[in-house]
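In what follows, a structure is listed as structure tokens, so that the remarks can point back to it.
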Amino acid sequence: MRSYLALLGAGFRRQTTYRLALAAGLVTNAFFGVVRTAVFFALYRERDQVAGLDVTDALTYVWVLEGIFAVVWAPWVWEMAEAIRSGEFLVELLRPGDPYLRLLAFDLGRTTSVLVTRTLPTLVVAGLVLDLRLPATLGGLAWLTASLVLAAVVSFQFRFLFGSAAFWTPDYRSMFMLLFPVLWLASGFVIPVGFFPAGLRALVDWSPLIPLLMAPVRVATGGPAALAVAGQAAWILVLWLAGRLVLAAAGRRLVVHGG
Amino acid sequence: MAERPGVYLRLAAAGLRAHARRPAYLAVRTAAAAVLVVVEVAGVALLLDRFGSVGGWRPAEVLLLFGLAFAAQGLALVAGNSLEADKVSELVRRGTFDQVLTRPASPLGWVVASYVDVRFLGRAAAGAGAVVWAADRAGVDWTPGRAGLAALAVACAAAVVFGILMAAAGATFVTVQGSEAVNVLVYGGLYLSSYPMQIYGSALRFLFLWVVPVGLAIYVPALGVLGRQGPPGLPGWLVWLTAPVAAAFLAAGGLAWRTGVRHYVGTGS
């Protein structure tokens with residue numbers, strides 16, 4: 001347990017070191033947030049509610065999206081695949097403890113740093129400037145924090161699965177590139193899932209993409225928090241099992257290859 | 001410096017042959033670049049159909065702007081992908097750029113021609129497809145003049161994006177580390193220009209009409225394609241300014257690139 005905590009701390013420090021990149025990232029999120037805000041203000045000029053969402057819901061969605069963007073689409077997504085390709089990943093399998101948990105601890109350290117240095121300031125400033133529907137009670141904030149951290153865990157689990165593709169093919173990026181547009185839309189990064197047609201929405205609601213963005217948005221806007229967080233936890237369990245299976249299969253494959 | 005375009009054509013052809021050696025790989029990447037446009041346009045179409053209009057524009061009219069912006073992005077990235085900050089940063093840190101400077105060719109021509117990326121033709125084609133689809137839904141009556149305006153929008157916006165990329169690459173020669181902030185101007189500017197400009201505040205509007213004129217390049221010709229009157233302060237004759245302003249911005253980007261190259265000192269041994 002101590003070693004996993006140490007890895008978490010190391011990941012946190014690693015990510016917090018790059019101050020200039022952090023400033024550039026905050027500027028990027030702020031810019032896209034302002035543009036999306038202007039779009040929703042213009043859309044809601046003549047209407048109060050569309051598909052059960054009002055302008056406050058939409059703006060809260062916008063700023064939670066900008067806040068969590070760098071967690072879900074972390075720039076280090078290819079580190080594991082590159083380590084597998086170069087053979088460095090072998091060291092991971094030789095180290096003591098569980099490789100999956102070790103990778104999770106380090107990744108979670110980095111995403112926690114992003115949550116503290118990017119998500120938190122983005123939401124605080126946006127919440128002060130605009131009328132957003134963010135929780136005002138301590139209990140509500142605790143639910144939102146839990147939901148954001150669980151979103152970070154799920155994003156690691158996706159990175160792990162995509163990185164594992166490198167065990168089987170050297171062109172590990174192609175699969176991701178073809179899938180990316182679908183993930184991008186279905187996870188709600190283009191428009192809120194609430195605006196999807198009913199059939200598509202029902203399909204997406206039962207997918208592991210909801211925990212990435214829409215679950216924290218629902219918790220923030222006062223939806224049933226316990227249900228959203230329970231859904232995230234359930235998908236973490238499923239993705240954890242999938243990750244373990246992949247790792248076991250990959251381990252056998254490495255042995256066949258002779259390490 | 002070499003003034004023979006043949007050199008650059010040969011460099012580009014060599015790059016194309018390298019890509020063509022792996023047709024499946026090239027096909028997947030080209031398709032992926034196109035699918036992104038389809039998905040984004042479909043998502044925005046779903047959103048706009050729920051609301052019916054934005055800033056007085058019908059959904060199909062807004063989607064035409066999206067198509068123009070994606071076509072321009074694809075076109076600019078075919079040539080300019082190698083100028084993205086992270087790639088220039090790599091050229092500098094690996095010392096590759098030292099070798100580029102010793103070659104009897106212009107450094108800009110060499111970098112652009114050697115790394116021409118045809119995958120982004122997929123994005124340009126999908127953007128053009130979105131323009132045709134949206135124009136059909138919006139009831140645009142295509143005349144040679146209107147087609148010319150659409151082409152003008154794509155060409156000018158692509159020139160502005162290429163100008164931004166050149167300027168950013170010039171800055172990277174000095175800073176070495178690339179910066180995510182360039183994305184604000186390239187992708188942020190195109191995203192902003194995909195909605196009618198009147199929905200933004202005056203500061204954003206001024207910035208993207210006159211300083212980084214990607215909004216001018218897309219919005220003003222699109223008014224002509226759709227047969228719309230511009231809002232107050234944006235008269236129709238501005239369309240004559242689109243090409244000169246885009247050309248001036250492109251020249252300024254080229255100047256920034258040259259300044260950056262002059263300050264290039266390499267990164268060690």
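All of the numbers you see were taken from the coordinates with simple rules; none came from a lab. As the structure is a computational prediction, the values presented were derived from the model and not from experiment. Note that we place each Cβ from the backbone using ideal geometry, even for glycine, and neighbour counts take in every protein chain shown.
Averaged over the residues of peptide A:3-9, the number of Cβ atoms from other protein chains lying within 10 Å of each residue's Cβ is 0. Put the Cα centre of the stretch B:72-107 next to the Cα centre of the stretch A:38-84 and the gap is 32 Å.
Principal axis extents of the C-alpha atoms in the stretch B:19-143 (largest first, rounded to whole Å): 57, 33, 30. If R0 is taken as 35 Å, the Cβ-Cβ distance between B:R94 and A:R13 corresponds to a FRET efficiency of 0.80. Here the scattering of the stretch B:6-76 is modelled by Debye summation over its C-alpha atoms, one equal scatterer each and no solvent; at q = 0.16, 0.17, 0.24 Å⁻¹ the log10 of I(q)/I(0) is -0.71, -0.75, -1.06.
Across A:F180, A:F69, A:F12, mean-square fluctuation computed from a Gaussian network of chain A (C-alpha pairs under 10 Å connected) peaks at A:F180. Look at the stretch B:59-72: the mean tally of other chain Cβ atoms within 10 Å of its residues' Cβ atoms is 0. With Cα atoms as the point set, the stretch B:85-133 shows a radius of gyration and Dmax of 15.5, 48 Å. Between the beta carbons of A:R45 and B:A42, assuming R0 = 22 Å, the FRET efficiency works out to 0.35 to the nearest 0.05. In order along the stretch A:94-108, the Karplus-derived 3J(HN,Hα) couplings, from 6.51 cos²θ - 1.76 cosθ + 1.60 at θ = phi - 60°, round to 8, 5, x, x, 9, x, 4, 5, 5, 4, 4, 4, 5, 5, 5 Hz, and Gly and Pro are given as x. Taking the longest Cα principal axis of chain B as reference, the axis of helix B:144-175 is set at about 40 degrees.
Simple spin-label estimate for B:L16 and A:L90 gives 4.3 nm between the two label positions (7 Å along the Cα-to-Cβ direction from each Cα). Computed from the C-alpha gyration tensor, the three semi-axes of the ellipsoid equivalent to the stretch A:1-141 are 37, 16, 14 Å, from longest to shortest.
Over the stretch A:108-259, the alpha carbon radius of gyration divided by the compact-protein estimate 2.2 N^0.38 Å works out to 1.19.
If R0 equals 60 Å, the separation of the Cβ atoms of B:F206 and A:R244 corresponds to a calculated FRET efficiency of about 0.65. The alpha carbon convex hull volume per residue for the stretch A:100-164 rounds to 93 Å³. Taking θ as phi - 60° and the Karplus parameters 6.51, -1.76 and 1.60, the scalar couplings of the stretch A:192-200 work out to x, 4, x, 8, 5, x, 3, x, 4 Hz in sequence order, x denoting glycine and proline.
Extension gain, B:A252 to B:V176, is 25.3 nm, computed as 0.36 nm per intervening residue step minus the present C-alpha separation.
Inter-label distance, A:L141 to A:L101: 3.1 nm, where each label sits 7 Å from its Cα along the C-beta direction.
Starting from the Cα of B:T102, step 7 Å toward the Cβ, then list every residue of the stretch B:234-269 with an amide N under 15 Å from that point. Output list for this probe position: B:266-269. Checking every one of the chymotrypsin sites (Phe, Trp or Tyr not before Pro) in the stretch A:205-248 against DSSP loop status and a limit of 16 other Cβ atoms within 10 Å picks out A:W206. Were the residues from A:T56 through A:M175 laid out at 0.36 nm apart, the gain over their Cα-Cα distance would be 39.1 nm. Here the simple spin-label model places points 7 Å from the Cα toward Cβ, and for B:R262 and B:Y187 these points are separated by 3.3 nm. From the mean inverse distance of alpha carbon pairs (Kirkwood) and the Cα radius of gyration, derive Rg over Rh for the protein assembly as shown. Looking at the protein assembly as shown, the ratio lands at 0.97.
Please name whichever of B:G122, A:L130, B:A138 sits farthest to the positive end of the charge dipole of the protein assembly as shown, dipole taken about the Cα centre and charges placed at Cβ: Lys and Arg +1, Asp and Glu -1. The residue sitting most towards the positive pole is B:G122. For the stretch A:205-214, 3J(HN,Hα) computed residue by residue from phi via the Karplus equation (6.51, -1.76, 1.60; θ = phi - 60°) reads 4, 9, 10, x, 8, 4, x, 6, 10, 5 Hz, glycine and proline entered as x.
Three principal axis extents describe the C-alpha atoms of the stretch B:5-262; from largest down they are 55, 41, 33 Å. Against chain B, whose longest principal axis comes from its Cα atoms, helix B:5-20 is set at around 80 degrees. Binning the C-alpha pair distances of chain A at 5 Å intervals from 0 yields a P(r) profile of 1, 6, 12, 16, 18, 17, 13, 8, 5, 3, 1, 0, 0, 0 %, listed from the shortest bin outward. Between the helical axis of B:23-51 and the longest alpha-carbon principal axis of chain B there is an angle of about 30 degrees.
Note on the stretch B:188-228: along the principal axes its Cα atoms extend 26, 16, 16 Å, ordered by decreasing extent.
Taking B:R228, B:R22, B:R119 in turn, the Gaussian network model of chain B (Cα-Cα springs below 10 Å) assigns the largest fluctuation to B:R22.
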